[in-house]
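Below you'll find the structure, written out as structure tokens, and then a few comments.
The values are calculated or read from the model by the stated rules, or taken from the named source; none is laboratory data. Not measured: the values here are computed from a predicted model. Here the Cβ is made from the backbone with ideal geometry for all residues, glycine too, and neighbour counts use every protein chain on show. Side chains included, ligands, DNA and RNA excluded: accessible areas come from the protein's heavy atoms. Shrake-Rupley method; radii C 1.70, N 1.55, O 1.52, S 1.80 Å.
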Amino acid sequence: VLQPTRLSPIVKPLFQKLNLGKVPKWLPKTVSYPVTVGANFIFWTWLCIAFSDVGGYFAGRKYGKTKLGAISEAAEKTSPNKTVEGVIGGCTFSLVLATLGAWIQKWPYWYVLGPVHGVSLALLGLVGDLTASMLKRDAGMKDFGDLIPEHGGIMDRVDSYIFTAPYGWLVCGYLIPWLRRVADARAAAAVLAV
């Protein structure tokens, strides 16, 4: 499903001014403008998860006093350096980006669904991260590999997606379309009432 976002009116004139109105010949013919709803959703989900990790790291480093182990003994054993303040920072970063993404993608009730989606992504990403850390600790490993210096292997980079992927599929495939139908029905009822 192709659906222009709120960025389309901004980006399209810019592309035209730069003479990028058409897809460059070196790109595969399957790339089209505007991008599909699913591709937009995946992009914004990825941003939320990535910045949740970044926000959690910096908030935890600057403000972190309460270890996550104070809430969950399993979290302490799995990842002893994580803090509650880091989780809050990660949720905040993700909340802000998800709200912006929901507005740009024209989600129905974006002002509610965006923040809820952002916090859900951050928390599910944390569970995925802790799950991967638990697997590494059980196997006696520090990292899943050494492909990326100072970051470990590919699994160390994508562990947050373990639980966010199925959740994202449900939100993009079912929840947003259902809310769109609800919003359209409410708008139609309001027109008929006048």
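Summary of computed values
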{"quantity": "Selection count, the range 73-100, where residues are in contact with a Phe, Trp or Tyr (Cβ under 9 Å, 6 or more places away or on another chain) and either open to solvent by 60 Å² or more (accessible area, probe 1.4 Å) or touching a residue at least 60 places away in the same chain (Cβ under 8 Å) (or both)", "calculated": "4"}
{"quantity": "Checklist (1) assigned to a helix (DSSP H, G or I); (2) modelled with pLDDT under 95; (3) not hydrophobic (A, V, I, L, M, F, W, C) applied to SER94, failing item", "calculated": "(2)"}
{"quantity": "Complete set of residues in the range 142-177 that are modelled with pLDDT of 70 or more, more than 24 Å from VAL87 (Cβ to Cβ) and open to solvent by less than 60 Å² (accessible area, probe 1.4 Å)", "calculated": "CYS172, GLY173, ILE176, PRO177"}
{"quantity": "Of all residues making up the range 114-136, the number that are modelled with pLDDT of 95 or more and open to solvent by less than 20 Å² (accessible area, probe 1.4 Å)", "calculated": "5"}
{"quantity": "Residue match in the range 20-27 (condition: outside any helix (DSSP H, G or I), of a type in the set (D, E, K, R) and modelled with pLDDT under 90)", "calculated": "yes"}
{"quantity": "Top-ranked residue in the range 28-58 [being among the hydroxyl-bearing types (Ser, Thr, Tyr) and either part of a helix (DSSP H, G or I) or modelled with pLDDT under 70 (or both); ranked as surrounded by the fewest Cβ atoms within 10 Å (Cβ to Cβ)]", "calculated": "THR30"}
{"quantity": "Filter result for GLU76 (farther than 18 Å from SER120 by Cβ, modelled with pLDDT under 95 and assigned to a helix (DSSP H, G or I))", "calculated": "yes"}
